[in-house]
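This report concerns only the one structure given below.
Values in this text are rule-based calculations from the coordinates and carry no lab data. Fair warning: this is a prediction, and the values are worked out from it, not measured in the lab. Reconstructed Cβ throughout: ideal geometry from the backbone, glycine too, with neighbour counts over all protein chains shown.
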Ligand code: GLY
Ligand code: MN
C-alpha cells in the first residue's frame, strides 16, 4: 500500500469526496470498480499495476481487484475484495488486509468480492438504478457486463451520465492536498528535466536520455505519469519512439512527468539545444513560444473560458511569427481563419490531476461541458475550452511545429496563402518542434505556476545545458 503525504487526514478526505458525489447523484447505488491486474501473457506476469483514477479518487487504494459500492444513504460505503490467499503470500508476499485497506479509506464495511453481485441484484430488484462510469479497460467492461447483466457492447453506453457530470464537477476543482501532491511530483519532474539538459550530447541516442530521466523517478519508487516524449522530432506531437541520435545543432523536446505518491500527475515540457546553444532562428522561435505561454498564463482567471485563452495565445503566436516573416496579414484574422494551426495544431492545454489528461475517459463533459467541439482544424483538438474556475489545475503548453506532411499538403492546396509565406516556411520542414509546458493552478485572482521553477528562458536553458 502506498503511503500518502502524512500531513492530510486522507480517510476523512476520501469520505468527503464519496459523500459529496453520492449526495449530488442521488437515487441508486454507485459502483466504483477498481482495476484488475493486466497480464502480459500469464496471470502472474503483469504490466505495472495502475489503479482506476476514479476509484483512487474515492479511496486512495492502489490495490488490484477491489470494488466499492456507495449506497444512497450518507456514509454507507462497502469495500468488496478478497484478502491475499496463502498462495498469493507465498509468491508475492503479505499484503494489507481488506480491513486495513478500508480503514485507510475511511470505510467501515468490508465484504468478500463474491457478495457484490447479490447486493447489486437486491438494488436492481428494488428498481434502483446502479450508477457507474464508462470503463476504459476491457477487463472492467467484462466485469460490469457480468455484474449487471448488460451485454458487453452496451456497457459504455449505459454508464450514468448523471454520475459522469457529478464526478467531473467534483474532480475538476482540486483541494489543497491535491495541489500539494502535484507540486511534490513536480519536484522530481524538475530534476528529470534538468538532468536531461545537462546530459544531452551529440551522438547520444534519445533512449539514453529517456532512460536517464525515468531512472530519476524510479529511484524514488515513482512511476511516470505517462510515457515520456523525448525526441529530436518535436514536431511529432505524441512521439513515443526513442531511436534517433542527437545531432549537433538540433533540438531535443522532453515532455515528461513523475507521479506523486497518491498517483497525481505532473506534465512539463522543455525544449533545449543538443549542443548547449540555440541557433539564432531556434532562439527566435523559442522566444515566440515563451511569449505565447506568458500571454496565456496572464489571461487565466476564473470566468474566462480556456478557448478564449487558447485563441488569445494563438494571436500572440501569429504576431510573433509575422515578425519572423513566416506569417503575414492581421494576426487576429489569421487565427480566426485557423491559419496559425499549421504551426500549432493542438490546444493550449488540458486538465491535470490523477491523470495527465485528467478525466478524459469521461469525454467532452470535462473539457467542454455541454458545448459542442468546433470543427475547424486545430480547434477540433482542444481538450479544454470551458470557463475556468478557481481550483482547476491546467497545463499551458504552446508550441511551434514544422510538420513536413502538413506543410506540403497545405501548400499544395494553397490554404491560407494570405496569412502564410510558404516560400519561407517550406525550407524549415526539417526544423522539428518546440514546446514549453507548465502546470498552473487557477486561483481566485488569476494563476499560479506550480512546482519549483524549471529552466525556461533561453539564457536559463543554455545555462542548464552548459558543457
Ligand atoms: N504530456 C502529453 C500531453 O499533454 O499530451
Ligand atoms: Mn500536457
(request) When a/c is below 1.5 the answer is rounded, else prolate if a/b is larger than b/c, else oblate, so apply that to the stretch 330-467 with a ≥ b ≥ c taken from the square roots of the Cα gyration tensor eigenvalues. (result) oblate
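Does the stretch 3-65 classify as rounded, prolate or oblate by the C-alpha gyration tensor (a ≥ b ≥ c root eigenvalues; a/c under 1.5 gives rounded; else a/b over b/c gives prolate, otherwise oblate)? Before the final figure, lay out the partial values.
Working: a/c = 4.46, a/b = 1.56, b/c = 2.85.
Cα axes put the stretch 3-65 in the oblate bin.
Using a Förster distance of 51 Å, how high is the FRET efficiency between residue 23 and residue 207, based on the Cβ-Cβ distance and rounded to 0.05?
Working: r = 50 Å, r/R0 = 0.97.
According to the calculation, E is roughly 0.55.
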(request) May I ask for the angle, rounded to the nearest 10°, between helix 138-148 and the longest principal axis of the chain, with both axes built from Cα atoms and the value confined to 0 to 90°? (result) 30 degrees
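Once the piece of chain linking residue 294 and residue 376 is laid out straight, how much longer is it, given 0.36 nm per residue of separation minus the C-alpha distance between them?
27.0 nm
If you rank 377, 402, 272 by fewest surrounding Cβ atoms within 10 Å, what's the result? Provide the component values of the computation, followed by the final result.
Values: 377 14, 402 22, 272 25.
Starting with the residue having the fewest Cβ neighbours, the order is 377, 402, 272.
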(request) On a 0 to 90° scale, report how tilted helix 404-413 is relative to the longest principal axis of the chain, with both axes built from alpha carbons and the result rounded to the nearest 10. (result) 70 degrees
(message) What distance in nm lies between label points placed 7 Å from Cα along the C-beta direction at residue 240 and residue 149?
(response) 3.9 nm
(request) Between residue 126 and residue 332, take the C-beta separation as r, use R0 = 41 Å, and let me know the FRET efficiency to the nearest 0.05. (result) 0.10
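So what is the relative contact order of the stretch 196-242, in percent, for Cα pairs below 8 Å that sit 6 or more residues apart? Mind dumping the intermediate values first?
Values: 33 pairs, mean separation 16.3, N = 47.
Relative contact order here is 35 percent.
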(request) Rounded to the nearest 500, what is the 222 nm mean residue ellipticity of the chain from helices alone, with -39500 (n - 2.57) per DSSP H run of 4+ residues and division by all residues? (result) -11500 deg cm²/dmol
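Hey, with R₀ at 51 Å, roughly what FRET efficiency would residue 467 and residue 73 work out to, going by the Cβ-Cβ distance, to 0.05?
Details: r = 65 Å, r/R0 = 1.28.
Given R0 = 51 Å and the Cβ-Cβ separation, E is 0.20.
How would you rank 328, 174, 372, going from fewest to most other Cβ atoms within 10 Å of each one's own Cβ? Kindly include the intermediate steps, with their values, before the conclusion.
Details: 328 17, 174 23, 372 7.
Ordered from fewest to most neighbouring Cβ atoms within 10 Å, 328, 174, 372 come out as 372, 328, 174.
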(request) For a quick protection proxy, order the peptides 92-98, 121-127 by their average other-Cβ count within 10 Å, most packed first. (result) 92-98, 121-127
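Within 10 Å of each residue's Cβ, count the other Cβ atoms and sort 238, 193 from fewest upward.
On the way: 238 10, 193 24.
With the fewest neighbours first, 238, 193 line up as 238, 193.
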(request) Pull out the extension gain between residue 198 and residue 89, defined as 0.36 nm times the separation in residues minus the alpha carbon to alpha carbon distance; nm, one decimal. (result) 34.9 nm
(request) Taking just the C-alpha trace of the chain, give me its Rg and Dmax in Å. (result) 23.9, 73
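Relative contact order for the stretch 59-108: what percent, with Cα pairs under 8 Å and sequence separation of 6 or more? Present the calculation step by step, with values, prior to reporting the outcome.
Values: 46 pairs, mean separation 17.3, N = 50.
For the stretch 59-108, the relative contact order is 35 percent.
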(message) Tell me the relative contact order for the chain as a rounded percent, counting alpha carbon contacts under 8 Å between residues six or more apart.
(response) 15 percent
(request) Mind pulling the angle between the C-alpha long axis of helix 116-125 and the longest principal axis of the chain? Nearest 10 degrees, somewhere in 0 to 90. (result) 80 degrees
(request) Sticking with the crude label model, points 7 Å out along Cα→Cβ, report the distance from residue 220 to residue 417 in nm, one decimal please. (result) 5.4 nm
